[in-house]
Amino acid sequence: MESKLINLTSLSQQALKLGEKLCHNADTLVKECKNDIENIEIIYPKLRFIWGELGVQVQSVQKLKKIAAKQNGILQEFYANKEQELSIIIDKLDNTLESLRHKHVDSAIRENAVAIERAMARENNSNILGDLEKGIEFDLKNKKDLEEKPYLYDYIEEQGVQDLKTKTQEEVSAIQQYHATSSKILEQINTQQKQLDEMLLNNNISLEKDFSHQKFIALEQVASSMAETLVSLARNYDQVSAALKACQLYADANLNLDISVLEKDTSLLPTIVQELEEGLQHIESLSEEVRIINHIYHASYDEASKLFSELDNFGSSFENFSNTIKELEVDFEKSSVIVDRFLDELLNLNMWYEEFSRAYDYMIIEIDRRYKVKEQHEKLIEDYSNKLEGLYLEESKQRDLFLQNYGRYLPADLCPPIQEFPIRYEIITQDETKLPVLSYKTLLEAQENLLKYKSS
């Protein structure tokens with residue numbers, strides 16, 4: 001019996017020592033885990049705050065990007081529309097001017113205009129130049145004007161047209177430059193946002209404060225269970241040790257001890273030790289999870305701090321971008337008004353020169369109409385002049401007949417006017433027309449052009 005008790009005591013002592021070691025390790029892990037949890041509780045609010053601020057900063061960047069993208073779209077659309085509109089208007093204007101380059105001015109009209117100018121200038125300068133000098137000057141001027149203005153195009157202000165086209169193209173190009181600047185800003189903001197998104201993605205952790213507490217509660221429950229198991233091991237050891245001592249003290253008394261219960265309990269020791277080992281493994285697992293969380297939170301805080309510093313550095317760029325966007329908006333508003341005004345001027349200029357070309361053809365028709373009216377007037381004048389002359393001759397005969405029959409009987413001082421001749425009436429033209437005499441070819445071309453205008 002004593003040998004059995006010695007064996008049981010040895011097994012119980014080994015189990016107790018192993019249990020104490022396992023529980024000691026578990027206790028150490030619990031303390032370490034508690035420290036990790038305390039660290040988590042300290043860093044958690046900081047981490048939550050800094051990531052919240054990062055979220056606000058990222059939203060600001062996204063908002064700025066949205067504004068920049070909208071502005072960029074407006075500039076792109078405006079530039080594309082105005083560039084197309086300018087191209088269309090310039091094409092129309094160039095076509096109109098090209099038609100004026102090939103539209104002859106009738107030589108009679110040019111000669112007539114120069115002659116009138118020459119006469120007026122001679123009248124105005126009669127006290128300045130001598131007759132010979134005037135004749136030479138205006139003969140040269142007449143020849144020069146005839147050579148320099150053979151087409152309608154020669155009557156337009158070419159430099160003014162070119163200046164307006166150049167100014168309009170410059171203003172449209174300014175819009176293009178605004179768009180290029182806006183695109184560059186948008187690209188830089190996109191680059192910044194991508195960097196932020198990547199950093200946020202790489203540091204995307206779940207901030208769960210209660211998670212560690214839950215783990216610690218579970219860990220304490222396992223540790224408490226292990227402690228209770230260790231107590232049962234100690235109790236078993238005390239029991240078998242007491243039995244062994246009693247057996248050894250009363251070896252000669254032939255004690256009849258029932259150790260079946262002790263044997264049964266001792267047989268369960270491997271299972272109990274295994275439970276302790278499993279408990280320790282569970283505590284190790286829970287503790288490791290908490291440790292990892294603590295490490296992740298600290299690492300995340302470090303990364304967030306770096307990212308926050310990056311955003312601080314980006315702050316100056318952010319402000320510059322915002323200011324540039326505002327400046328672009330102001331400049332665009334001014335330039336867009338100027339562009340629209342210049343485009344309207346070009347369009348009106350084209351319409352003016354189109355009407356100038358039409359007006360020339362209508363002037364040709366008007367000159368022809370006036371000459372026809374002049375011919376009608378001259379015919380009427382001839383008819384009235386013949387009638388007046390006939391009336392004059394008839395009256396002369398009547399007066400001669402009266403004087404032949406009665407004149408010799410009337411004293412001269414009785415009624416002197418009775419000797420008067422009849423009044424002779426004449427139709428006098430006050431002003432001669434200064435209109436040129438057009439060629440048949442010019443008139444025919446004008447008539448053909450009018451038909452085109454009416455059909456278009």
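Points worth noting:
- Stretching Ser285 away from Thr433 to a fully extended chain increases their span by 41.3 nm, per 0.36 nm per residue minus the current alpha-carbon distance.
- Ellipticity estimate at 222 nm from DSSP helix runs (n ≥ 4, -39,500 (n - 2.57)) divided over the chain, nearest 500: -31500 deg cm²/dmol
- Taking each of Lys21/Lys264; Lys4/Lys264; Lys379/Lys441; Lys103/Lys441; Lys374/Lys434 in turn, the alpha-carbon distance tops 18 angstrom for Lys21/Lys264; Lys379/Lys441.
- Measuring against 32 Å, Cα to Cα, the residue pairs Lys46/Lys66; Lys34/Lys194; Lys165/Lys326; Lys46/Lys70 contain Lys34/Lys194; Lys46/Lys70 as the ones spanning a longer distance.
- Selection among Ser87, Gln419, Gln239 by position relative to the dipole of the chain gives Gln419 as farthest towards the positive end (Cβ unit charges, Cα centre).
- Taking 0.36 nm per residue of sequence separation and removing the Cα-Cα distance, the Gln76/Ala242 pair yields an extension gain of 50.0 nm.
- Computed from the C-beta positions of Ser224 and Val56, the FRET efficiency with R₀ = 60 Å rounds to 0.85.
- Percent RCO, i.e. relative contact order, over the chain, from Cα pairs under 8 Å lying at least 6 residues apart: 34 percent
- Rounded to the nearest whole Hz, the Karplus-based 3J(HN,Hα) values (6.51 cos²θ - 1.76 cosθ + 1.60, θ = phi - 60°) of the stretch 327-338 follow the sequence 4, 4, 5, 5, 4, 5, 4, 5, 5, 5, 5, 5, with x at glycine and proline.
- Under 5 Å, built H, 5+ apart or other chain: amide partners of Leu438: none
- Which label in (1) 1.65; (2) 1.02; (3) 0.96 gives the computed Rg/Rh (Cα atoms, Kirkwood Rh): (1)
- Ordering His377, Leu391, Ile367 by Cα displacement along the dipole of the stretch 350-438 toward the positive end leaves Leu391 in first place; charges were set at the Cβ atoms of Lys, Arg (+1) and Asp, Glu (-1).
- In order along the stretch 17-24, the Karplus-derived 3J(HN,Hα) couplings, from 6.51 cos²θ - 1.76 cosθ + 1.60 at θ = phi - 60°, round to 4, 5, x, 4, 5, 5, 5, 4 Hz, and Gly and Pro are given as x.
- Vicinal HN-Hα couplings computed from phi for the stretch 432-442 (Karplus, 6.51 cos²θ - 1.76 cosθ + 1.60; Hz; Gly/Pro x): 8, 5, 10, 5, x, 8, 8, 7, 5, 4, 4
- In the stretch 351-456, the GluC sites (Glu not before Pro) that fall in loop regions by DSSP, at most 10 other Cβ within 10 Å: Glu420, Glu426, Glu432
- Cα-centre dipole for the chain with unit charges at Cβ (Lys and Arg positive, Asp and Glu negative), debye to 20: 520 debye
Computed from the coordinates by the stated procedures, all read-outs in this text should not be read as laboratory data. Everything numeric in this text was worked out from a predicted model, so none of it was measured. Cβ atoms come from the backbone with ideal geometry, glycine included; neighbour counts cover every protein chain shown.
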